[in-house]
Structure formats: C-alpha cells, structure tokens
Amino acid sequence: MIYTVGIKTLIPKTEFAQCNIEDVARYCETKKVLGVDTETEGFDFTCKKMIMFQIGDEENQFIIDTRFISLEPIRHILESKNIIKILHNAKFDYKFIKTTSNIKLECVYDTFLTERVLNCGKDGMKYGLKDVCKKYLNVEINKEVRNQFINLEGHPFKADQIVYGAKDVEYLVGIREHQLPLIDKYKLNNVVDLENEVVLSFADIECNGLDLDTEQWKTLDEINNNEATALQLNLDEILIENHKLQKFVAKYVQADMFTPIEELRKVNVKWTSPKQVLEVFQCLVPDLDNVNGKAMYKHRFSYEIIDTYVKYKEAMKLCTSYGHKFFDNLAGDNRIHTNFHQILDTGRVSSSKPNMQQIPADNRFRNCFTAPIGWSFVSADYSSQELNVIAFGSKDPVWLKALEEGQDLHSTCAELVYGDEWLNAAEEDCVYMTKKLKCNCKQHKKLRTNVKTINFGLAYGMGPHKLSDTLNISVEGAKELIEKYFQAFPSIKGFLDKLGNFGKKYGYIKTFPPYNRRRWFTSWYPKIWDNKSASMQLGTIERASKNTPIQGASADMTKRALISMRDYIKEHDAPVKLVMTVHDQIDTICRNDYLETWTGDMKILMEMAANEIVTNRLLKAEVSVSNCWEK
C-alpha cells in the first residue's frame, strides 16, 4: 500500500491513501528493516534540496513531500542503530538528508556497495539500481521518471512519480534478500558491514568539504606557468644546439612590427603535441613508438632534451589540472567537495571532481586548503603501513625486529642485500652503523634507495622491468638485485609466492582477516596454468594476487579508523569534522580548544583500527597539527 504525506492540495486524488508523519513513525518503529530513498531537485547537495523522501517495506511505502513536511518525527528511526535502512548509493541520499534535515543516518545497508563487494574484480558489471533490479528481481525500472523531479519546485507530484518513489523502496528490500545468501556463501559479512558503515564517513567528508585559499592557489598557478614557459624555452634551446635535430629549426623567421625579435620562435615543434614530439625524439631513439611516461623514463637520463621534456610535461600537468581550471570544482558553498569511489578492485578508494587522491604531495598545493579561524587541521597517518602489513603477513624476522626496535627498515634491508658493499660504504659519522637509524652517507643513500624501491614495489607487484625503469639500470641488473633481495629475505619471497599461487589456482584472492575481502579474476578458468598461451593472463593474476592483500588490508584498516572517528565525534559531540582521507592518511579539522584531547584520541583510534588486522601491534600512527592541509 502506498501512503502519501504532505500538503493535500499537492497530492493528486488517486488510489493513494493519506496519513501524517506521526503515522509513519509509529509504523517504522515496529520494523527491523526499512527501505529508504530520496528524490531531489538536482545533484548538487550544496545548493539543491531533497523534495521527496520515501521509506517503508514490501507491504507499505510512505511518500513524504519534504518541501512542506519535516522529517523530525522520524529522526529517531533514521538515527537508530537497531533499525537497518536499505539504500542504493547511500552516500548520495545521505548528503541530501543531512543538509536538508540535519539528520545523521546510522545503520545503513547499501545495495550498491554490497553488489560491488560481491563482484569485486569482475569486468563489465553494472551497479545502477536499474541493473540490479533487473538482475535479482527481473524488473525493468523507467529511470526517465527520475528526471521529472529536477526543478520541480512547488508543483504537485504526479501519480507516476509517487509510484516510482514507492517502488524504489519496495525493490530495495527484495534486492537485499537476494544478496544476503551470496554474502554468506562467500563469507563476506565482515567486509560488507565495513563498507556499509564507512559509507557514512565518506559522505560526511564530502558534506564537510575543504576551504580553498583561492588567492594562494592563483599565485601558485602563476609560478607553475612561469616554470612551464621556462622549460619550453629550454627545450627550444637544446633542440637548436643539437645538430641531429636541425630539420626542426626554421632557417628564416617571419617577424612583425608588434612582436619583439627575442620572442620569435625558431623551432617548428609544438611541445604539447605528442605526435610532433615523437618525430623529434625518433631522431635520437629510432625505435621509440610513443612519448608517454614509461617510454620517456628509460631514456630521460641519456638525453638532456628528453629529461627536460619529462619535466615540462609534469609542469604542464600542474598548470592544466591544478591551475585556474581547478576552480570549476568549487561548489555552491565555495568549497571543494570531492566525490569518493569507495571500492576499487583492491578495496582502496579513489575520488573525482576533483581527484583529491592525486593532489601533488608537494605541500605548496596542499597548504592552499585551510582551516577556518579558530580551527586547525589534525591529520593522522600510518607509519610505513604497507611495509608493516608485509612484515606481519610474511613473519620475516629481520623486518619484525627492525620494526620492534625502531630501526630504519630500508637501511637494515640494504645491509643484508649488499653485505660488504654496504659496510664498506659507511662514512665516519654514519648513524646507521651506531644506532641503526637512517644516515646521510652518500653511497648508503644510493643503496638504500634501491632497496626501498623494492620494498615498496612489493606492494604493487613490481617486476624486473619496472625496477629497471625506476632505478635506470639494466633488466639483467634488476633481476640480479631482486634475486639478491629474496636470498636475503626468503620469508617474504615465500609469502608473496603463496599469494600468487593461490590466485592462479583458485581464480580469486582475499585480504587479511577479519575482513577477507575477495577479488575475482575474470580471465581465470580451471587449469589455466596448463595453457601455454595463457602466460600473460597468469602473470597478471599473479601480480594482482600479491598486490591485493597488501593494499586491501591497508585500505580496510583506514576504513575502520574512519568509522571509529565518526562514532567518536557523534558520541562525544566533539568539535571535530572529517574532511579528507588519502590512502593511509585521515584529515580532520578540530576547534582549537579541543586539540589536546583530539590529537591523543585520534592516534588511539588509528592504532586500534590497525590492530584488528596487524595484530602484533607494531603499526603505529603519527598525528600532526597545522593551520592548513599537509602531507
């Protein structure tokens, strides 16, 4: 049965029954599971409003006209931790519920996120409500009705809009019933609960947004443009001086009466054109077939012009991605509100509009995001998060001892890999040799960098070719270095081999307990290892199987920390707001009179989350306070 709640003159006289908001509350109080949905006048929660709110189950659905009816009487239901609220893409609905009614949802089940957990890694999957309804209920939804709510303002709802809203609620209950057996079958209960809880934290971050110092950003943009221009001029000069590239230098330059002679270019190359740049570089490297990052990296140290071009491309990216165009991301409240994509194949998070995960780590950029007057940024990040996960998973005694005793792990590893070469490279005042700390010895720095690259590369399935490009050494040299590395650390090799073999054998890989997130490999099939032509697929599966548990476990603990922080803020009514997260770092703003309390408690919450997965308690968090965002 469909019930409408709103101004009677705006509700069409049809078969729909009418009731008041108190009737909705009485009905919902008796239920353990409810479907929830919203319709909004637009997609920007900072300047658009929720106009319809739907709640109910398979028997009864209530359609509330929120242009005229307050949701306050059902606040206790929406904020209850004992009544499950089912939504599809809960983050979207919650932001409008929060900004329109100041209600903070609790205990949600997101059919969209659950579907992503169930099918993580599978190609070609569609997760929209229309697709999921078709899959589980064999129901076709007419999403065109959704567009009828845009800019509806004070106009009455039509009958098909009311039915559309009611059916969305009804379908959500049915979808969940079909998903629950699959969750049990694949033992994904813990990770489904994790994602359904943390979605509210991500929504809070998106709601809160970040203040941007636009004047500071403009100044930085001007500096970046000047750097890019200088690098372009440098490219021209290098080309002119190279006798192999003279065909790209104009013999005559057409002048005019307005342009100073020194500004007239002699080079017939547009450095922003990959096609033209490739033609130039093929004169130096004939077998070069593109000028993307990987192709350039292996040649940049051999040719000054290629090295300068790489720097030019990096500078131009800063100008285009983080220049004036970045202001297009300012929302109606003049803040930056990113949009999180909560579940990638490994369980990590990405974001867009703008992509805050890729804001340059250079603090010149991050410092443009500021805290309000009377507030400060309080940020916490895990110290060597992925390395701790590897140490815990492999149980390597050297790594564990280094972490337990606070030694510099990369130097400790380098000593074992290089042996006498490391010992002989020590300078007179080497603090590593006396205290096992990171030193400033020139040769140690080089050897440490090599091993550090492998240490972090383990979390990304790095092979000899990637290591060769990164360290600018031969592939054979990279293979030899990796071999020496694994001779020094057989436990780590055994751990990674075990992960790789599991994925190749079963066609999926899991993250660490207690979450056991599962990633499927769609290119896998039974006895794939017997197919000689499948070596490329097997290689991809093996690398992903080594990478996913490490990155996934890291993502899981960061998400658990976000949940704990949101609960803490609400429970203590703390003057703290979640404003950003980037991989192993969580950023908040805190009122200055609460800083002492929050810095201590934030560290505790981060480490408690880590201890759920890395149970040896060696993974620690570091907390910093600043008036702006910092790396």
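The values are calculated or read from the model by the stated rules, or taken from the named source; none is laboratory data. Just so we're clear, the structure is a prediction, and the values are computed from it rather than from any experiment. Backbone-built Cβ (ideal geometry, glycine too); neighbour counts: all protein chains shown.
Hey, can you tell me all the residues within the stretch 567-594 that are among the charged types (D, E, K, R), in contact (Cβ under 8 Å) with a residue 40 or more places away in the chain and surrounded by fewer than 23 Cβ atoms within 10 Å (Cβ to Cβ)? Listed by number, the residues that qualify are 570, 577, 584, 591. Criterion first (surrounded by 20 or more Cβ atoms within 10 Å (Cβ to Cβ), aromatic (Phe, Trp, Tyr) and touching a residue at least 12 places away in the same chain (Cβ under 8 Å)) does residue 460 satisfy it? No, not satisfied. Looking only at residues in the stretch 331-363 that are among the hydrophobic types (A, V, I, L, M, F, W, C) and in contact with a helix residue (DSSP H, G or I) (Cβ under 8 Å, 6 or more places away or on another chain), the one that is farthest from residue 510 (Cα to Cα) is 336. Is it true that some residue in the stretch 603-620 is free of Cβ contacts under 8 Å to residues at least 40 places away in the same chain, surrounded by fewer than 18 Cβ atoms within 10 Å (Cβ to Cβ) and part of a helix (DSSP H, G or I)? Within the stretch 603-620, one or more residues are free of Cβ contacts under 8 Å to residues at least 40 places away in the same chain, surrounded by fewer than 18 Cβ atoms within 10 Å (Cβ to Cβ) and part of a helix (DSSP H, G or I). Note on the stretch 106-149: among residues that are of a type in the set (S, T, N, Q) and over 20 Å from the mean Cα position of the chain (by Cα), the one that is nearest to residue 172 (Cα to Cα) is 111. Inspect all residues belonging to the stretch 157-165 and state whether any of them is of a type in the set (Val, Ile, Thr), at pLDDT 95 or above, more than 30 Å from residue 316 (Cα to Cα) and surrounded by 18 or more Cβ atoms within 10 Å (Cβ to Cβ). No: zero hits.
One residue alone among 197, 237 is modelled with pLDDT of 95 or more and among the charged types (D, E, K, R), and that residue is 197. Of all the numbered requirements in (1) over 30 Å from residue 597 (Cα atoms); (2) more than 24 Å from the chain's Cα centre (by Cα); (3) assigned to a helix (DSSP H, G or I), residue 524 misses one, and that requirement is (3).
Here is a yes/no grid of residues against (1) among the hydroxyl-bearing types (Ser, Thr, Tyr); (2) part of a helix (DSSP H, G or I); (3) buried (at least 18 other Cβ atoms within 10 Å of the Cβ); (4) not assigned by TED's automatic domain parsing to the domain that holds residue 294:
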position	(1), (2), (3), (4)
432	yes, yes, yes, yes
467	no, yes, yes, yes
477	no, yes, no, yes
484	no, yes, no, yes
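Within the stretch 313-346, the set of residues being more than 30 Å from residue 199 (Cα to Cα) and in a helix (DSSP H, G or I) comprises 313, 314, 315, 316, 317, 318, 319, 320, 324. Looking at 365, 377, which is the one that is closer than 30 Å to residue 216 by Cα and surrounded by fewer than 21 Cβ atoms within 10 Å (Cβ to Cβ)? None of the others qualify; the one that does is 365.
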